[in-house]
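The values are calculated or read from the model by the stated rules, or taken from the named source; none is laboratory data. As the structure is a prediction and not an experimental result, all values here were calculated from the model. Cβ placement follows ideal geometry from the backbone for every residue including glycine, while neighbour counts extend to all protein chains displayed.
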């Protein structure tokens, strides 16, 4: 299944421009959040801001961006489930075929001595939700959480039009490894506050 739409939201912008150019060359539509969309636009890479696509503004100072049906529905829909695809069409939701996220730098912020309010603001919510959804649905969605994977994924898409199921699974495993480490770091930090 050749990917048509990518959702990108990255705190660490390493390799973002090259990724965006690769997706553009492949004709893949990009939907992106705030700073990610801004950087792509500044580099002449076509992008639809997530609030424009979802027809709902980013809110609460950026706390709510991607936790909404037009995003999560597009990630979680099983492509060979006719009921899922019918519902996407009914609610004007695009299937999201590639999800590229990295999480707020919680570990770095607390290692630098952040006070609790700053630490709490660096607990990512939408990122883990979106990558876990994509990881769960890896047979339908390519999920990338490590900038080191951008190059080979683009290369495979250029060469074969898609990734194998095994390649998709390896990327999904990285998701659950990352989210488990992230949650453990949050738990450890909060326990020290008691």
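Brief remarks on what is shown
- A single member of 119, 133 is in contact with a helix residue (DSSP H, G or I) (Cβ under 6 Å, 6 or more places away or on another chain), closer than 27 Å to residue 40 by Cα, surrounded by 15 or more Cβ atoms within 10 Å (Cβ to Cβ) and in contact (Cβ under 8 Å) with a residue 24 or more places away in the chain, and it is 133.
- Where residue 96 falls short, out of the listed (1) part of a helix (DSSP H, G or I); (2) within 27 Å of residue 27 (Cα to Cα); (3) modelled with pLDDT of 95 or more: (1)
- Hey, residue 60 farther than 22 Å from residue 161 by Cβ and modelled with pLDDT under 90 or not: yes
- Criterion violated by residue 107 - all others in (1) touching a helix residue (DSSP H, G or I) at 6+ places or on another chain (Cβ under 9 Å); (2) modelled with pLDDT under 95; (3) over 23 Å from residue 17 (Cβ atoms); (4) not in a helix (DSSP H, G or I) satisfied: (4)
- Every condition in (1) surrounded by fewer than 15 Cβ atoms within 10 Å (Cβ to Cβ); (2) out of contact with any strand residue (DSSP E or B) (no Cβ under 9 Å at 6 or more places or on another chain); (3) assigned to a loop (DSSP other than H, G, I, E, B) is met by residue 114 except one, and the failing one is (1).
Residue-by-condition table, conditions (1) part of a strand (DSSP E or B); (2) modelled with pLDDT of 95 or more:
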| site | (1), (2) |
| --- | --- |
| 7 | yes, yes |
| 12 | no, no |
| 19 | no, yes |
| 22 | no, yes |
| 31 | yes, yes |
| 41 | no, yes |
| 44 | no, yes |
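- Scope region 155-172; condition in contact (Cβ under 8 Å) with a residue 24 or more places away in the chain and under 22 Å from residue 76 (Cα atoms); matching residues: 157, 161, 162, 165, 168, 169, 171, 172
- Members of region 124-150 that are assigned to a loop (DSSP other than H, G, I, E, B) and either within 20 Å of residue 14 (Cα to Cα) or at pLDDT 90 or above (or both): 124, 137, 138, 139, 140, 141, 145, 146
- Pairs are defined by a Cβ separation below 8 Å, a sequence spacing of at least 6 or placement on different chains, a first member in region 35-53 that is without any contact (Cβ under 8 Å) to a residue 60 or more places away in the chain and at positive phi, and a second member that is surrounded by fewer than 19 Cβ atoms within 10 Å (Cβ to Cβ) and assigned to a loop (DSSP other than H, G, I, E, B); no pair meets this definition.
- Among all residues of region 148-165, there is at least one that is out of contact with any helix residue (DSSP H, G or I) (no Cβ under 7 Å at 6 or more places or on another chain) and over 19 Å from residue 20 (Cα atoms).
- Single condition residue 101 does not satisfy, out of (1) without any contact (Cβ under 8 Å) to a residue 24 or more places away in the chain; (2) within 14 Å of residue 8 (Cα to Cα): (1)
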